[in-house]
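Since the structure comes first, as structure tokens, the remarks are kept for the end.
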Amino acid sequence: QGMMYDTFLLISAGIKPMSDGLDLIDRMFKYEERLVPLKEISRRITGVAVHISEEEELLKKWKAKFQGRAKALFDKFGAEYFKSDEAAEEDLPKDNVDGGFQDRLKVVFSVQLACAYDVEECVNAATAKFDAYRVGSAEPKAEFKATILNTVMSKEYDENIESDWDWLWKKYTDDSTSASEKQTIYYALGLVQDDDKLLEFSNYCLDSSLVRPSDSLYILGRSITQTKKGRVVSWQFMQDMWTRITEEFTDALFAVDAYISGVLSNFANEGDLKDIEDFFADKMDSLGPGKAAYESALQSIKGNIAWLKKHKEAVKAFVADDEEDDEGDDD
């Protein structure tokens, strides 16, 4: 873990090349099974994924690079506890002097990782559990609930996902749903891969009879912007609804800051940067405390652009190694 931290610190300082960091990630991920180092490796993998999220094909190859290892960890630590048939599952490890707490965390981590990297067995189990949850036959275990909802909502959009989204939305608006569960639900709803549904969700956020005002800007700036598709929809929505948003949420200064930062900070190309600067050019005086969030977001975008210019080729070469190996295997 310390080696990982130091290596990426040297990369940030320009002392080491990104290829060294990527090779270290690859070597450690292949063999590491301890929870804390695995979480640090996963954090670094996710960090690169965020930087390349504007590059859709490269992002797909990046995820594919680590899918096999995610499956191996799931098979070893999570598969017996996360099955399509809940009756066939083993009980989660319990707290005890032999490290049951750590074992349980490792199970949960392996399931989260496998679903995030589209490991088929894990995605199928999550889908079956969501279906059972929807018909009321089984409430998901608390440790897995967010993973189950996120996995289903992230799937390729079709009429079944549309129906699942509508059901989950009703669950969010149900008065009996707790505040913590509402948060889990709205983060999942924002992952849906359909422009129209994301725009529908965005519009709901401006109706206080549907979405609690305390949730609205966090949904718009944190939930919907989790993916590239959502980021584009949310940026357009910000432009279209800016006057209304700033008028209705003048008392929610911290939420406005989070909204501006959440929508803007992960863009990574010069065209979007110019569009953002042009849009806000005549709004600087009215931003108030949001000005700091806006300026911070601009710095993030510029940093993302610089990161891609400096490291994109190293990432492409890193994922290309697997493609070359696959071609060699075919021969």
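The values are calculated or read from the model by the stated rules, or taken from the named source; none is laboratory data. For clarity, every value in this text was computed on a predicted model and none was experimentally measured. Here the Cβ is made from the backbone with ideal geometry for all residues, glycine too, and neighbour counts use every protein chain on show. Note: accessible area is taken over every heavy atom of the protein model, side chains too, but ligands, DNA and RNA are not part of it. Shrake-Rupley method; radii C 1.70, N 1.55, O 1.52, S 1.80 Å.
Whole number please: convex hull volume per residue of the Cα set in region 1-47, in Å³? List each step's numbers first, then the result.
Values: hull volume 2.8 nm³, N = 47.
It is 59 Å³ per residue.
If each Cα of region 128-185 is one equal point scatterer, what is log10 of I(q)/I(0) from the Debye formula at q = 0.16, 0.18, 0.28 Å⁻¹?
These q points yield log10 I(q)/I(0) values of -0.47, -0.60, -1.44.
Ser286 to Ala317: extension gain in nm, 0.36 nm per residue of separation minus the Cα-Cα distance? Don't skip to the end; give the middle numbers.
Details: separation 31, 0.36 × 31 = 11.16 nm, distance 4.54 nm.
Full extension from Ser286 to Ala317 adds 6.6 nm.
Can you pull the three principal axis extents for the Cα set of region 29-107, in Å, largest first?
If we take the Cα atoms of region 29-107, the spans are 44, 29, 19 Å.
At 20 °C and a viscosity of 1.002 mPa s, what translational diffusion coefficient does Stokes-Einstein give for region 88-141, taking Rh as the Kirkwood radius over Cα pairs? Give it in µm²/s as a whole number. Could the numbers behind the result be given before it?
Numbers: Rh = 12.4 Å.
D, rounded to a whole number, is 172 µm²/s.
Counting only other residues whose beta carbon sits under 14 Å from that of Thr7, what net charge do I get with K and R as +1, D and E as -1?
-1
Longest exposed-loop-site-free stretch of the chain, with trypsin sites (Lys or Arg not before Pro), DSSP loop and at most 12 other Cβ within 10 Å? Can you show the working numbers first?
Numbers: sites that count: Arg34, Lys94.
So the longest stretch without any such site is 95-331.
Per q in 0.11, 0.21 1/Å, what log10 I(q)/I(0) does a Debye calculation on the alpha-carbon atoms of region 1-134 return?
Values returned for q = 0.11, 0.21 Å⁻¹ are -0.46, -1.25.
Per q in 0.14 Å⁻¹, report the Debye log10 I(q)/I(0) for region 163-235, using one uniform scatterer on each alpha carbon and no solvent.
Debye output, listed in q order: -0.36.
Could you look at region 141-229 and say what percent of its accessible area is carbon and sulfur, using a 1.4 Å probe and all protein chains?
On the way: 1720 of 3950 Å².
C and S fraction of accessible area: 44 percent.
Could you work out how far apart the two model spin labels at Ala64 and Gln299 are, taking each label as a point 7 Å from the Cα in the direction of the beta carbon, and quote it in nm?
3.8 nm
Do any of Lys60/Lys312; Lys229/Lys291; Lys61/Lys155 go past 21 Å between their Cα atoms, and which?
Values: Lys60/Lys312 14 Å; Lys229/Lys291 25 Å; Lys61/Lys155 17 Å.
Correct reply: Lys229/Lys291.
Largest first, please: the extent of the C-alpha atoms of region 219-277 along each principal axis, to the nearest Å.
Rounded to whole Å, the extents work out to 32, 21, 16 Å.
Counting Lys +1, Arg +1, Asp -1, Glu -1, what net charge surrounds Thr147 among other residues with beta carbon under 11 Å of its beta carbon?
On the way: positive: Lys129, Lys141, Lys145; negative: Glu143.
Combined, the nearby Lys, Arg, Asp and Glu give +2.
Modelling each spin label as a point 7 Å along the Cα-to-Cβ direction, I'd like the Asp166/Phe279 distance in nm, to one decimal.
Inter-label distance under the simple model: 3.0 nm.
Can you pull the percent of Cα pairs in region 88-187 with separation above 21 Å? Intermediate values should be presented prior to the final figure.
Numbers: 1847 of 4950 pairs.
In whole percent, the share of Cα-Cα pairs in region 88-187 beyond 21 Å is 37.
Would you calculate the convex hull of the Cα atoms in the chain and tell me its volume per residue in Å³? Spell out each step's value before the answer.
Numbers: hull volume 55.6 nm³, N = 331.
Roughly 168 Å³ of hull volume per residue.
Using a 1.4 angstrom probe and counting only protein chains, how large is the accessible area of Asp207 in Å², to 10?
60 Å²
For the chain, what does the helix formula give at 222 nm: sum of -39500 (n - 2.57) over DSSP H segments with n ≥ 4, over the residue count, nearest 500 deg cm²/dmol? Please list the in-between numbers first.
Working: 15 runs with 229 residues, N = 331.
That calculation yields -22500 deg cm²/dmol at 222 nm.
Using the heavy atoms of the protein chains alone and a 1.4 angstrom probe, what is the accessible area of the chain per residue in square angstrom? Provide the component values of the computation, followed by the final result.
Values: 16730 Å² over 331 residues.
Dividing the accessible area of the chain by its residue count gives 51 Å².
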